[in-house]
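Q: Got a structure for you, questions after.
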Amino acid sequence: MPTLEIEGRSFDVDEDGFLQDPDLWNEEVAHLFAKTEGIDAMTEEHWKVVHYLRNYYLEFNIAPMIRKVCKDTGFKLKKIYELFPSGPAKGACKVAGLPKPTGCV
Amino acid sequence: MELHDLPKPKDLMNIDLNRPPEKGWMDTPTQFRDGTYSYPAAPKNLKALGLANPRQWSPADEDWKLPENWQEIIMQGMKERLEKYRSFRLFMDICVRCGACADKCHFFIGSGDPKNMPVLRAELIRSVYRRDFTLLGKMLGRLGGGRELTLDVLKEWFYYFFQCTECRRCSVFCPYGIDTAEVTMIGRELLNLVGLNINWVIEPVANCFRTGNHLGIPPHGLVDMWQFMVDDIEDLTGVKVNLPINKKGAEILFVTPSGDYFADPGTYTCMGYLMLFHELGLDYTWSTYASEGGNFGLFTSHEMIKRLNAKIYAEAKRLGVKWIIGGECGHMWRVMHQYMETMNGPADFLEEPVSPITGTKFENAKQTKMVHITEFTSDLIKNGKLKLDPSRNNKYVTTFHDSCNPARAAGLLEEPRYVIRNVTNNFYEMPENTIREQTYCCGGGAGLGNDENIDMRMRGAFPRASALRHVRDKHKVNHLLCMCAIDRATLSALTEYWAPDVSVGGIHELVANALIMEGENDRTLDLRGEPFAEVEEDE
């Protein structure tokens, strides 16, 4: 399994850098994964999206629909791309420690 | 790898077809180039399914960590399948290598790699068959086109059988009717025996086995998604639509791909189903168990098709419905049309489907008891049961991509067109050798629609994209319609790369835009929340 080494910590990740064990996630881990996404500083807006995704995942065991993310956080999709350049699925979900969706997506 | 990592479109297609390869195909080793192959299945998913040889490995590694007796396993597997599937033996025997299929494959056209000619792709396995299973091959060896199953051959199988989308366009042109998709299916089945599979197929399969759908959405997650759509519809139309879930005794069970619940633009199509069924007052139900129309088992093995498909009849029986409607899914219809009844039937507890709205008997569905939504909707329109205002879709100039399986495996050619022509005013066909039975693949079917394979996907998408660009330039087409969840995902990438000004969507999204509902408000917005009419810009 690929390993992500960052600031002295090491994590099992998939080929695209998604955290494999969701239980290892915490805010400190989110900071580290944000760096792999080119986000140097997590702002309040970043956290709003990340916490929303995280809580939804803990409740429903799946990432939320992208339109639901926009509606519930009040951020337009364009804004989410500004915050997470790889987008809500590949960027924000990665920072929030969610697995990558597969299938007809 | 992502779209923005690729060269510009015109550079990607800079292929020299006039320069023959330096060596014969048997002496040309496979190169696993980034962007042209998929990640291997994660061990947790193989374990969940009880499949062989779960381990960490990469196709780029020298050592694939195969079982010691891998040759024996494959040869035994081949022997069993030659005895079990007469079609497989026939397809191994009867090819005369006329080459009629050679230039019909989208991957050959887009890559120029001779091993993507369907005849040669099948020859990868046929050469092994010839050496070990035919008398002449045993005597003549390589002179007779036979070769030993070496590790290099196995690696070649993996590369090229996961570079075929099982679209079956080549088989339309084969004078013998060889179904090269079935050769690929057997090839993948054999590879699975030694643990060679890709994660974009196996993870959805494992999810489906666990939760009933490819995305792994649990029941309360499904309810949350459907409820979101119901709320969205109310915001847009003022109508609060019914949401029947796991309703015992409903007349009809509705099954659609999980991509429709989760991913845009499929979600708009899903809202379309909800609005249509509500307006009809249809006695139907969604299911949190039979929550997937697609079946990635088709891209794994026959056994896996059966395992994943079983839930549809099981749920129909549990709920006590009379018959089933299937949504806008692609490969679901190959499974439904060609395997479902023999694998998991007979569905003698169901009734021959009759539309409760028009009284039409769907005699074509007598055996499976399952009707495609465009059959259902076109019948409604033909009988004047829907109030439609196609001008609400006037901003769209549309064309229709026939998805490989509904078109070639199920013959659904007229129904979608009939619906489209009745809900839009602007529809243009792509050139005739790129539609209907001759339709070109989206480039990402059969489990290949992942990011890491994006280079090969965009090459495979090239023929479809060329036809699309033709109607875009000639008729100002700006919206590509399809009825498949894989398409809605992969064509969105296709248009982003090859034709950025064209959007993608399903048919029932436009049906619902045009549908005049009882009690609707003064609707000005389409299902995407955008104005029906684009505001003319001042010149």
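Q: Just to be sure before I move on: is residue B:214 in contact with a Phe, Trp or Tyr (Cβ under 7 Å, 6 or more places away or on another chain), surrounded by fewer than 24 Cβ atoms within 10 Å (Cβ to Cβ) and within 13 Å of chain A (Cβ to nearest Cβ) in the structure I sent?
A: Spelling it out, it is not the case that residue B:214 is in contact with a Phe, Trp or Tyr (Cβ under 7 Å, 6 or more places away or on another chain), surrounded by fewer than 24 Cβ atoms within 10 Å (Cβ to Cβ) and within 13 Å of chain A (Cβ to nearest Cβ).
Q: Then there's this: Which of the residues that make up the range B:477-488 are under 15 Å from the mean Cα position of the chain (by Cα) and either surrounded by fewer than 23 Cβ atoms within 10 Å (Cβ to Cβ) or more than 14 Å from chain A (Cβ to nearest Cβ) (or both)? Working first, answer last.
A: The initial filter retains those residues of the range B:477-488 that are under 15 Å from the mean Cα position of the chain (by Cα), namely B:481-488.
If the condition is that a residue be under 15 Å from the mean Cα position of the chain (by Cα) and either surrounded by fewer than 23 Cβ atoms within 10 Å (Cβ to Cβ) or more than 14 Å from chain A (Cβ to nearest Cβ) (or both), then B:481 is the only one that fits.
Q: Going by the structure shown, is residue B:513 more than 17 Å from the chain's Cα centre (by Cα), away from chain A (no Cβ under 14 Å) and buried (at least 23 other Cβ atoms within 10 Å of the Cβ)?
A: yes
Q: Now a separate question. Can you tell me how many residues in the range B:221-269 are in contact (Cβ under 8 Å) with a residue 24 or more places away in the chain, facing another protein chain (nearest Cβ under 8 Å) and in a loop (DSSP other than H, G, I, E, B)?
A: Matching residues across the range B:221-269 total 3.
Q: Could you grab me the full set of residues in the range A:72-105 that are assigned to a loop (DSSP other than H, G, I, E, B) and either of a type in the set (Asp, Glu) or away from chain B (no Cβ under 13 Å) (or both)?
A: Taking the range A:72-105 first, the residues assigned to a loop (DSSP other than H, G, I, E, B) are A:74-76, A:84-86, A:96-105.
A:74, A:75, A:84, A:96, A:97 - these are the residues of the range A:72-105 that are assigned to a loop (DSSP other than H, G, I, E, B) and either of a type in the set (Asp, Glu) or away from chain B (no Cβ under 13 Å) (or both).
Q: Residue B:204 is checked against (1) buried (at least 24 other Cβ atoms within 10 Å of the Cβ); (2) under 29 Å from residue B:368 (Cα atoms); (3) more than 8 Å from chain A (Cβ to nearest Cβ); (4) in contact with a Leu (Cβ under 9 Å, 6 or more places away or on another chain) and fails just one. What number does that condition carry?
A: (3)
Q: Okay, next question. Filtering the range B:280-309 down to residues that are touching a residue at least 40 places away in the same chain (Cβ under 8 Å) and among the aliphatic types (A, V, I, L, M), which residue is surrounded by the fewest Cβ atoms within 10 Å (Cβ to Cβ)?
A: B:280
Per-residue answers, yes or no, for (1) among the hydrophobic types (A, V, I, L, M, F, W, C); (2) within 14 Å of chain B (Cβ to nearest Cβ); (3) loosely packed, with under 14 Cβ neighbours inside 10 Å:
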site: A:9; (1), (2), (3): no, no, yes
site: A:24; (1), (2), (3): yes, no, yes
site: A:33; (1), (2), (3): yes, no, no
site: A:39; (1), (2), (3): yes, no, no
site: A:42; (1), (2), (3): yes, no, no
site: A:45; (1), (2), (3): no, no, no
site: A:49; (1), (2), (3): yes, no, no
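Q: Any residue in the range B:522-535 that's free of Cβ contacts under 8 Å to residues at least 12 places away in the same chain and acidic (Asp, Glu): show its pairings with residues that are surrounded by 11 or more Cβ atoms within 10 Å (Cβ to Cβ) and assigned to a loop (DSSP other than H, G, I, E, B) at Cβ separation under 9 Å, as long as the two are six or more apart or on different chains.
A: Close Cβ pairs (under 9 Å, with a partner that is surrounded by 11 or more Cβ atoms within 10 Å (Cβ to Cβ) and assigned to a loop (DSSP other than H, G, I, E, B)) amount to B:522/B:238; B:530/B:395.
Q: Further question on the same structure: For the range B:26-65, which positions are surrounded by fewer than 16 Cβ atoms within 10 Å (Cβ to Cβ), at the interface with chain A (Cβ under 10 Å from one of its Cβ atoms) and small (Gly, Ala, Ser)?
A: Matches in the range B:26-65: B:58 only.
Q: Taking the criterion of being in a loop (DSSP other than H, G, I, E, B), buried (at least 21 other Cβ atoms within 10 Å of the Cβ) and of a type in the set (D, E, K, R), would at least one residue in the range B:387-406 satisfy it?
A: Yes, because at least one residue in the range B:387-406 is in a loop (DSSP other than H, G, I, E, B), buried (at least 21 other Cβ atoms within 10 Å of the Cβ) and of a type in the set (D, E, K, R).
Q: Which of the residues spanning the range B:435-476 are β-branched (Val, Ile, Thr), in a loop (DSSP other than H, G, I, E, B) and surrounded by 24 or more Cβ atoms within 10 Å (Cβ to Cβ)?
A: Scanning the range B:435-476 gives a single hit, B:439.
Q: For the range B:442-472, which residues satisfy the criterion of being over 14 Å from residue B:495 (Cα atoms), of a type outside the set (A, V, I, L, M, F, W, C) and more than 14 Å from chain A (Cβ to nearest Cβ)?
A: Correct list: B:455 only.
Q: Out of (1) over 25 Å from the mean Cα position of the chain (by Cα); (2) part of a loop (DSSP other than H, G, I, E, B); (3) touching a residue at least 24 places away in the same chain (Cβ under 8 Å), the odd one out for residue B:73 is which?
A: (2)
Q: Then there's this: Could you figure out which of (1) more than 22 Å from residue B:182 (Cβ to Cβ); (2) among the small types (Gly, Ala, Ser); (3) surrounded by fewer than 20 Cβ atoms within 10 Å (Cβ to Cβ) isn't true of residue B:110?
A: Failing condition for residue B:110: (3).
Here's the yes/no breakdown for (1) among the aliphatic types (A, V, I, L, M); (2) within 18 Å of residue B:88 (Cα to Cα); (3) assigned to a helix (DSSP H, G or I):
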position	(1), (2), (3)
B:146	no, yes, no
B:157	no, yes, yes
B:172	yes, yes, yes
B:182	no, yes, yes
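Q: Are any residues in the range B:2-47 under 25 Å from the mean Cα position of the chain (by Cα), in a loop (DSSP other than H, G, I, E, B) and not assigned by TED's automatic domain parsing to the domain that holds residue B:116, and if so, which ones?
A: B:2, B:6, B:13
Q: Conditions: (1) touching a Ser or Thr at 6+ places or on another chain (Cβ under 8 Å); (2) within 30 Å of residue B:78 (Cβ to Cβ). Residue B:253 meets all but one. Number of the miss?
A: Against the list (1) touching a Ser or Thr at 6+ places or on another chain (Cβ under 8 Å); (2) within 30 Å of residue B:78 (Cβ to Cβ), residue B:253 comes up short only on (2).
Q: Now a separate question. For the structure I just gave you, tell me whether residue B:365 is of a type in the set (A, V, I, L, M), touching a His at 6+ places or on another chain (Cβ under 9 Å) and either crowded, with 18+ Cβ neighbours inside 10 Å or not assigned by TED's automatic domain parsing to the domain that holds residue B:255 (or both).
A: Numbers: of a type in the set (A, V, I, L, M): yes; touching a His at 6+ places or on another chain (Cβ under 9 Å): yes; either crowded, with 18+ Cβ neighbours inside 10 Å or not assigned by TED's automatic domain parsing to the domain that holds residue B:255 (or both): yes.
Yes.
Q: Spot the failing condition for residue A:64; the list is (1) assigned to a loop (DSSP other than H, G, I, E, B); (2) more than 14 Å from chain B (Cβ to nearest Cβ); (3) at pLDDT 95 or above, and only one is missed.
A: Among (1) assigned to a loop (DSSP other than H, G, I, E, B); (2) more than 14 Å from chain B (Cβ to nearest Cβ); (3) at pLDDT 95 or above, residue A:64 violates only (2).
Q: Answer yes or no as to whether residue A:16 is within 9 Å of chain B (Cβ to nearest Cβ) and not hydroxyl-bearing (Ser, Thr, Tyr). Write out each step before concluding.
A: On the way: within 9 Å of chain B (Cβ to nearest Cβ): yes; not hydroxyl-bearing (Ser, Thr, Tyr): yes.
The answer is yes for residue A:16.
The values are calculated or read from the model by the stated rules, or taken from the named source; none is laboratory data. Since this is a predicted model, take the numbers as computed values, not measurements. Heads up, the Cβs are rebuilt from the backbone with ideal geometry, glycines too, and the neighbour counts pull from every protein chain shown.
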